[in-house]
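The values are calculated or read from the model by the stated rules, or taken from the named source; none is laboratory data. Here the structure is a predicted model, which is why all the values come from computation and not from measurement. Cβ: placed from backbone, ideal geometry, glycine included. Neighbour counts: every protein chain shown.
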């Protein structure tokens with residue numbers, strides 16, 4: 001068995017982890033009886049639980065359980081409470097990720113490989129939230145937690161809240177994107193599900209937020225299209241090639257230690273699976289490779305099938321997704337017919353299809369699908385009210401576009417396709 005010094009140190013840390021976590025958390029299992037975990041949020045719901053390193057919600061202390069039972073926030077989306085963690089923690093070493101559900105045969109082959117300590121099946125998809133795309137995983141909170149960092153795995157309140165139908169999300173994202181009542185809409189469509197944020201909690205690399213299995217159908221995710229792999233005392237690099245051969249081209253295999261250090265592995269083909277309604281279904285799924293400078297290279301076949309350059313009113317030639325172009329053209333034509341053409345400055349149009357990550361992150365921009373565009377850039381910068389004409393905004397919204405000026409951190413230059421509208 002191939003064991004690197006790093007692997008031995010990693011396992012030694014995991015062996016010590018339960019003591020560290022219990023010291024930070026006080027042991028903290030909890031039952032559900034209807035009392036909130038922490039201080040009430042502005043909207044009246046219980047505030048999110050904080051993990052040891054994440055920073056707690058207002059009124060709570062980082063790393064400490066509340067001492068009071070956690071209420072089931074959403075009984076219709078509840079699964080059994082996992083209770084305190086009793087199984088050993090596992091390093092999250094590899095992520096197998098496919099566009100379609102992984103077959104039982106593939107999972108069995110991976111699990112049987114020498115050097116594979118354990119596997120965990122989950123579903124992963126990209127969900128549009130404001131101007132970015134979050135990697136959301138549908139998990140079994142009882143078993144997935146073993147793969148998360150110790151300060152998440154050992155804090156039982158986090159997983160009780162996920163089991164109760166709430167969302168656990170990376171601290172920085174949750175605090176920035178949640179509304180005043182502590183909810184987050186997963187998707188930009190008007191009927192996209194809104195989930196209460198139950199916990200700010202570190203996750204495995206390449207996962208931004210997790211929910212339990214009851215949300216999978218509402219989010220439009222494939223069942224079991226991803227697999228976490230722990231290699232235990234074996235160096236992940238010694239196992240990655242075997243896993244790659246075992247999946248036989250059915251999926252990509254990402255080394256999560258590389259993700260933790262560098263963001264994404266440029267040598268591995270990634271998957272972009274947009275979920276959350278008719279728009280996500282229409283625009284399709286693509287694989288891509290990571291380029292320099294925050295850019296990506298989508299699969300050439302997907303680009304050829306979906307990205308078009310056409311002439312539209314006011315702006316002239318634009319390059320966007322074929323699904324968006326009819327609505328974009330219809331909205332611009334109505335702007336012209338209403339005598340508002342001068343309210344859009346062609347020279348201040350910043351484009352539509354631009355395959356890239358959000359600056360400073362590995363979260364895809366909706367420009368990567370060609371379903372977002374920016375207009376009148378200089379007078380409509382982030383965090384401002386913006387000077388774009390509100391009648392123009394209303395016309396774009398009528399034609400199915402969400403406006404960045406409505407977001408908690410405004411982006412009034414930005415519009416993105418939120419629902420399908422058929423021009424007549």
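Per-residue answers, yes or no, for (1) surrounded by 17 or more Cβ atoms within 10 Å (Cβ to Cβ); (2) modelled with pLDDT of 95 or more:
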residue	(1), (2)
347	no, yes
361	no, no
366	yes, no
370	yes, yes
378	no, yes
389	no, yes
396	yes, yes
401	yes, yes
406	no, no
* Asked: Which one of these does residue 102 not meet: (1) at pLDDT below 95; (2) in a loop (DSSP other than H, G, I, E, B)?
  -> (1)
* Asked: Residues 189, 199: which one is crowded, with 22+ Cβ neighbours inside 10 Å and touching a helix residue (DSSP H, G or I) at 6+ places or on another chain (Cβ under 7 Å)?
  -> 199
* What about residue 361, is it within 20 Å of the chain's Cα centre (by Cα), more than 17 Å from residue 99 (Cβ to Cβ) and either in a helix (DSSP H, G or I) or in contact (Cβ under 8 Å) with a residue 12 or more places away in the chain (or both)? -> yes
* To do: Go through the residues of the range 293-311 one by one and say whether even a single one is within 26 Å of residue 185 (Cβ to Cβ), assigned to a loop (DSSP other than H, G, I, E, B) and under 23 Å from the mean Cα position of the chain (by Cα).
  => yes
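Would you check if residue 168 is assigned by TED's automatic domain parsing to the domain that holds residue 133, closer than 25 Å to residue 89 by Cα and under 14 Å from the mean Cα position of the chain (by Cα)?
When the stated conditions are applied, residue 168 passes them.
Working carefully through the options 229, 204, find the one that is touching a residue at least 60 places away in the same chain (Cβ under 8 Å), in a loop (DSSP other than H, G, I, E, B), buried (at least 23 other Cβ atoms within 10 Å of the Cβ) and in contact with a helix residue (DSSP H, G or I) (Cβ under 7 Å, 6 or more places away or on another chain).
Result of the check over 229, 204: 204.
Select, from 376, 380, the only residue that is assigned by TED's automatic domain parsing to the domain that holds residue 359, assigned to a loop (DSSP other than H, G, I, E, B), over 26 Å from the mean Cα position of the chain (by Cα) and on the phi > 0 side of the Ramachandran plot.
Selected residue: 376, the only one of 376, 380 that is assigned by TED's automatic domain parsing to the domain that holds residue 359, assigned to a loop (DSSP other than H, G, I, E, B), over 26 Å from the mean Cα position of the chain (by Cα) and on the phi > 0 side of the Ramachandran plot.
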* Asked: With respect to the numbered conditions (1) at pLDDT below 95; (2) within 27 Å of residue 418 (Cβ to Cβ), which one is the sole condition not fulfilled by residue 124?
  -> (1)
